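Below: the structure, in structure tokens.
The values are calculated or read from the model by the stated rules, or taken from the named source; none is laboratory data. Computed from a predicted model, the values in this text were never measured in an experiment. When we count neighbours, we look across all protein chains shown, and the Cβ atoms used for this are built from the backbone with ideal geometry, even at glycine.
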Amino acid sequence: MAAAMPNILSRRTRVLVASADSGFRKRLMTDPLYAGALREEVCGGAHALARLGEIRCDSVLLDRHLPDLDAGEVAECIRKLYPLVSVEFVDSHRVHVEAQDVGLREAFREGYVAEELPEFRAARTTARAVSPAAILAEIPAAISAARGAERRLAYREEAPFEGMVGESIAMQQVYTLGRMVAPRDTTVLIMGETGTGKELVAQGIHALSARAKQPCVVVNCAAIPDALLESELFGYARGAFTGAVQSRLGRIHMAQGGTLFLDEVGDLPLSMQAKLLRFLQNGEVQRLGSSEVYRVDVRVVCATNVSLAAMVEARKFRPDLYYRLAVFPIVMPPLRMRSEDIPALVRHFLAQFSADVRVEERTVSAEALSWLTRERWPGNVRELQHAVERAFILAGNETELQLEHFKSFLELSGELGEYQRA
């Protein structure tokens, strides 16, 4: 059975290779063991963790010489987040593969997982009556069925960041990655659609870091005109331009010892991207109109609702800055990918609105809650919050929000839109 395993494994697995050496990655994937496997390649440990959040993967080949994170810590994180994913260390310097974890092959053969998961126990029971090839063919389905239950058990210990609501698997991954990177000064890039709570994650990372007692300065790059962005970030000296009657520190300087959160960093103009890159490289700030250079100690966390990788391809974002920012990417799941969190979010918002107007806490009917859970919410948590607030107002003195309170506003909005178009 053990001898036949590699060939059958190669036809069904998705293998993720994490190494900064592109030649080594390609050379490794020519190994006959992985012939025919679905192959994914990433450069570093942070990108490997981000990619695992986007795809189903069976095996990870982790280079011992990662450019960004310690390979042992990355492996530990993978084992915690994805207990059914095989982790093997590879050495790009020695071009030698050493199995360091109980992978899928050994797990099934030795029965490690079968003791805890009914799906694997059923597969092993079937194994007594069928051929080895048929047994192995059932492993992917067993893994897929068991992965959800296994992850839920693994994630129960993680509590949401302050101000955040949600205990779904997708959010537990965010909390885990956030807690893992918080004690470090590593630059973090938080990616996700508008309204998913990127700023709350940034604040959570800051609160859990050694910089928590220092300021967390927020800069919305999309809200500041291009002409003012440099002076806002780097500050200016007296007389630097008309109206500069006194010197002023920039936002970067204000974050001394703390965290600088750059929201919507994808909206930075190319000219500012070069200046930000220089600051990230040497930690120095030069105010507009001044020759003095100040060294600052600031941890940078960024957020974007667009794909910076796509902007790099379109030559709208500097690739060197992208690699500086995306050292540790965290992907925020849209609300439609974690609909199981909607009931808790609705109750949270109702408690807030009830407290604001000092009335008995309102509830929501089962019918309305079911409808809310089925909606797509393109505006994510922020859109859900506004929908609950509108229904809360329309409900008046009623203690329970009904489906009609949510739908009547949508109908009214449609009528107003038709009136405006007319």
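Summary table
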read-out	value
Single residue of segment 384-397 satisfying the filter (touching a Leu at 6+ places or on another chain (Cβ under 7 Å) and assigned to a helix (DSSP H, G or I)) that is surrounded by the fewest Cβ atoms within 10 Å (Cβ to Cβ)	384
Unique residue being within 16 Å of residue 229 (Cβ to Cβ), more than 24 Å from the chain's Cα centre (by Cα), in a strand (DSSP E or B) and of a type in the set (Val, Ile, Thr) when the list is 300, 285	285
Any chance residue 237 is exposed (fewer than 14 other Cβ atoms within 10 Å of the Cβ) and either in the same structural domain as residue 295 (by TED's automatic domain parsing) or touching a residue at least 12 places away in the same chain (Cβ under 8 Å) (or both)	no
Some residue of segment 291-306 being at pLDDT 90 or above, basic (Lys, Arg) and on the phi < 0 side of the Ramachandran plot	yes
Residue list for segment 48-67, restricted to those being within 15 Å of residue 330 (Cα to Cα) and crowded, with 16+ Cβ neighbours inside 10 Å	48, 49, 50, 51, 52, 53
Meets criteria (among the hydrophobic types (A, V, I, L, M, F, W, C), assigned to a helix (DSSP H, G or I) and buried (at least 18 other Cβ atoms within 10 Å of the Cβ)) for residue 381	yes
Residue satisfying all of: in segment 380-407; among the charged types (D, E, K, R) and touching a residue at least 40 places away in the same chain (Cβ under 8 Å); farthest from residue 369 (Cα to Cα) among these	382
Selection from segment 322-370 of residues that are among the hydrophobic types (A, V, I, L, M, F, W, C), in a strand (DSSP E or B) and within 19 Å of the chain's Cα centre (by Cα)	328, 330, 331
Test: residue in segment 304-319 that is assigned to a strand (DSSP E or B) and either in the same structural domain as residue 197 (by TED's automatic domain parsing) or free of Cβ contacts under 8 Å to residues at least 40 places away in the same chain (or both)	yes
Selection count where residues are of a type outside the set (Gly, Ala, Ser) and in a loop (DSSP other than H, G, I, E, B), scope segment 159-172	6
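Rundown of residues vs (1) over 23 Å from residue 196 (Cβ atoms); (2) in the same structural domain as residue 194 (by TED's automatic domain parsing); (3) modelled with pLDDT of 90 or more, yes/no style:
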site	(1), (2), (3)
345	no, no, yes
348	no, no, yes
351	no, no, yes
363	yes, no, yes
388	no, no, yes
402	yes, no, yes
406	no, no, no
410	no, no, no
